[in-house]
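Notes follow the structure.
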Protein chains: 2
Amino acid sequence: MNLDLLIAELVAGKTAALARAISVVENTRPGFERLLGEVHRSLGRARRIGVTGPPGAGKSTLVERLVAQYRSAGLKVAVVAVDPTSPFTGGALLGDRIRMESIALDQGVYIRSMASRGSLGGLATTTREVCDLLDAAGFDRILVETVGVGQSELDVGRMADSTVLVLVPESGDGIQAMKSGLLEIADIIAINKADRGGADRMEHDLRTAFELGLRSRKEIPILITEAVRGKGIPELMAAVDALVASRRASGAFQERRRRNMEDRIKEIAEFLIRRNLWSASGAEGKVAAAAESVLSRRQSPYQGAQALVKEVLR
Amino acid sequence: MNLDLLIAELVAGKTAALARAISVVENTRPGFERLLGEVHRSLGRARRIGVTGPPGAGKSTLVERLVAQYRSAGLKVAVVAVDPTSPFTGGALLGDRIRMESIALDQGVYIRSMASRGSLGGLATTTREVCDLLDAAGFDRILVETVGVGQSELDVGRMADSTVLVLVPESGDGIQAMKSGLLEIADIIAINKADRGGADRMEHDLRTAFELGLRSRKEIPILITEAVRGKGIPELMAAVDALVASRRASGAFQERRRRNMEDRIKEIAEFLIRRNLWSASGAEGKVAAAAESVLSRRQSPYQGAQALVKEVLR
């Protein structure tokens, strides 16, 4: 593979090159470090918007509508669907992909699901690197959507410039969201499926919760949407844009990128250390010896690990 | 807290001490290293049995019935319900706990759900350490059950002596299980909810898949169960026991414990390194400097992380 050509075509916005570059990074294939190093100069244009919330909140439909909205504003949009690799969500994922077919044939749209794990120090890090490639390929907006259930809901907040939390009025999700820490990572809340009723009450409850100090920042925009019928979507897009603009002015936008970057660098560093550690010559034997000594009860697993760390880091 | 007293009471099988010890380990509170180091001498009695499978397969009911079966054989049984910390599974978990009330008041039974993460290098490692405490407290069988959806389904295979995969006949779970790698970690398959029909066909399909080489080991026991009515449960218990006996004879049991232990020690070692790395004096400033240099595009995140690793490991 000619890496220089791949990078040139990627930055020129060629879809085939993008798909290939993502696959190189996702599977940490030879050259992936150089690829990431090279594209880095072309970054900074795309805004990364996380979309999170419980299963059944209508995130995929909302994302699809948001994509159409951005498209009609002349922007190129990418969607990254993050799946926490459950062996059993294959079906659901496929469903999402099919639903998104209405936008999938548009040249200004790119949809990718991320189901791999382990490479590059975890799904969060890999997703961030893939967002870099999309950024370099000239997309204006990258929507990072959580698909499954799990850690990814919280992780998405750590890689986005702003995060939309999607809730449905009736399901008690508001209370769950308050308990779970999701409110803390939300920058904007969309109360979706408003046709079911109860949206106003949920908004009231959320505002009360904020007043009571259940979240460190008090005022965040709460929007009522009905994604299936496209209701509230232009307002949601405007709210996201307005938020970014005001944050840029206050410096909060840059501050968040800085914090996210620290987090990301630490994760990659941990990945590198792990990789070097266990692939070093003799490491396997040392691990085996430690396990042996634990199984014969000379030390606890914790003590064995402590001794191992001392030895491998020497 | 008097740690010596706690350990003595734990090993004597006192429930209050057990609960307290688990909480110390789960939250890595002061003394947790010593606690784990001390109990290690009292281990080895309990068999650890993983129970995994898709949501809705009836795992909790099956576990409840298995517990009753072991109790009637005079054995003490603990159940560890592993939840991959979704912010939105609170309800489901609670449901499981209520359902298990029929066995929860029995003194020879202990039920604990694990929803924490991060401590001790991840849920898998923490679960293993909690199993050690249960082992030390004198339980004969520990059933480790996955509750949510996610990585935990595969992880459970890495901490158990044997793993039961629970499927339901009609849902296409067989095919999903084949695709996902779950068949590979299963030692015994229970086709549950057999009253729905299709169980025989599913068994046939699974056996065909094995014949075709879709799994490295060809022959594994497949049992038909109907947990709600207690059908097939004595046979399942017998199959687990027989498997352990034959594996003990062949050495496969010990070999698996050895492999699991290597895995576990590596995870704890990674946790220790991570902890030391970022809490060292000056580490924060180094991370901030690396982030700064990436954000000003002097290097890529990957290069920043590489430089950071060199510096912090020096």
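Counting from the shortest, the label point at B:Gln107, 7 Å from Cα toward Cβ, is 7.8 nm from the same position in each remaining copy. Distance between the pseudo-spin-label points of A:Gln254 and A:Asn2 (7 Å out from Cα toward the beta carbon): 4.0 nm.
Here the 3J(HN,Hα) profile of the range A:184-201, calculated from phi with Karplus coefficients 6.51, -1.76 and 1.60 at θ = phi - 60°, is 4, 8, 6, 9, 9, 10, 10, 8, 8, 6, 5, 5, 6, x, x, 5, 4, 5 Hz, Gly and Pro shown as x.
With 18 Å as the limit, the listed pairs A:Lys286/B:Lys266; A:Lys266/A:Lys310; A:Lys266/B:Lys286; B:Lys193/B:Lys231 have A:Lys266/A:Lys310 beyond it between alpha carbons. For the pair A:Ser23 and A:Arg71, label points projected 7 Å from Cα toward Cβ lie 2.5 nm apart. Peptide B:267-276 is shielded by partner chain Cβ atoms: per residue, an average of 6 of them sit within 10 Å of its Cβ.
In nanometers and ordered shortest first, the copy-to-copy spacing of the A:Arg207 label point, defined 7 Å from Cα toward Cβ, is 6.6.
For A:Gln299 and A:Arg41, compute 0.36 nm times the residue count separating them, minus their Cα-Cα distance, and round to one decimal in nm.
Numbers: separation 258, 0.36 × 258 = 92.88 nm, distance 5.01 nm.
Gain in length upon complete extension: 87.9 nm.
Note on the range A:181-276: Rg/Rh from Cα positions, Kirkwood definition for Rh, rounded to two decimals, is 1.10. Classification of the range A:266-312 by its C-alpha gyration tensor yields a prolate form. The axis ratio a/c (a ≥ b ≥ c) is 1.5 or more, and a/b outweighs b/c. Here the Karplus curve 6.51 cos²θ - 1.76 cosθ + 1.60, taken at θ = phi - 60°, turns the phi angles of the range B:287-302 into couplings of 5, 4, 5, 5, 4, 4, 5, 6, 5, 8, 6, 6, 8, 7, x, 5 Hz, with x standing for Gly and Pro. For the range A:265-280, the Karplus equation 6.51 cos²θ - 1.76 cosθ + 1.60, evaluated at θ = phi - 60°, returns couplings of 5, 4, 5, 5, 4, 4, 4, 5, 5, 4, 5, 5, 4, 8, 9, 5 Hz by residue, with Gly and Pro reported as x. Ranked from shortest, the separations from the 7 Å Cα-to-Cβ label point of A:Gly230 to its equivalents in the other copies are 6.1 nm.
Label separation (A:Trp278 vs A:Leu212): 4.4 nm, computed from points 7 Å beyond Cα along the C-beta direction.
Any read-out appearing in this document is the output of simple, stated calculations on the displayed coordinates, not a laboratory observation. Because the structure is predicted, anything quoted here is derived from the model rather than measured. Quick reminder, even Gly has a Cβ in these numbers, built from the backbone with ideal geometry, and neighbours come from all protein chains shown.
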